[in-house]
Amino acid sequence: MTWDGVRDRLARLAKRRDARSVFGASAHGFRLASPLTERDVEAVEEQFGAPLPEPYRNFLVEVGAGGAGPGYGLLGFGRSGRRWEFAADDRRGGDRVDLRTEFPHRELFHHAEWPDFTKIPQERRPELTRSLDARDEADTHGTLPLCHSGCGHYDLLVVTGPDRGALWFDGEASDGGIGPQADDHGRMTFDRWYLGWLAEVEAEVGRPKPGSRHTAWSWSRR
């Protein structure tokens, strides 16, 4: 029952002009891709070699395969010919998603430092950069980059490994490391992450603007 009414709530937000100022709304417009079928999800799991965590799996079937969500919106699965791809953006190509390798981490960690390129001959830099990029990508194998949160940061869903089902934050672009997300209930799960974002957006849209003569209202009565 977790996902009952979510599409309707997003449809209401999509119609509100004041919702356009919400961070990331210009990218997704509070619109969702069509849901996947049960057979689609089974094909995805077989191709990628891992069962998806249940809250996320149910979302794909009951709500949508991508679109409206935290950051610039949910990245997701799509068909390319006879195969499925994870349609990540340019910074995290979907062809590099590896769910067959377990994500080994349980606590905050940082990528190893990059060398001082000013001390490396120009002709060696491209090859070294590719090698280091591959090394850094390997640190997040076993996860799906659910959304781009801005400034090169990503929210990751752990699919395989000891922290399966948990949400992590990749803040390496600003030297913040990669670490688990948590709330009052412990490690963040996909359903709490997504529904928490939706509730925050509804509260933000319903909050009176400075100088407004309107009083606060309950979204459930709107």
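Bear in mind that the values in this text are calculations on the coordinates, not laboratory data. Source: prediction; values computed, not measured. No Cβ is skipped: glycine too gets one built from the backbone with ideal geometry, and neighbour counts run over all protein chains shown.
Overview of results
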quantity	calculated
Added length on full extension, which subtracts the Cα-Cα distance from 0.36 nm per residue, Leu128 to Arg187	17.7 nm
Assigned charges on the beta-carbon of Lys, Arg, Asp, Glu; the stretch 1-47 dipole about Cα centre (debye)	680
14 Å beta-carbon shell around Val41, net charge (K/R +1, D/E -1)	-4
Among 29-38, 183-192, the order from most to least packed when residues are scored by Cβ within 10 Å on average	29-38, 183-192
Gyration tensor (alpha-carbon) shape descriptor, the stretch 1-107, a/c threshold 1.5	prolate
Cβ-derived FRET efficiency at R0 45 Å, Arg106 paired with Arg82, nearest 0.05	0.75
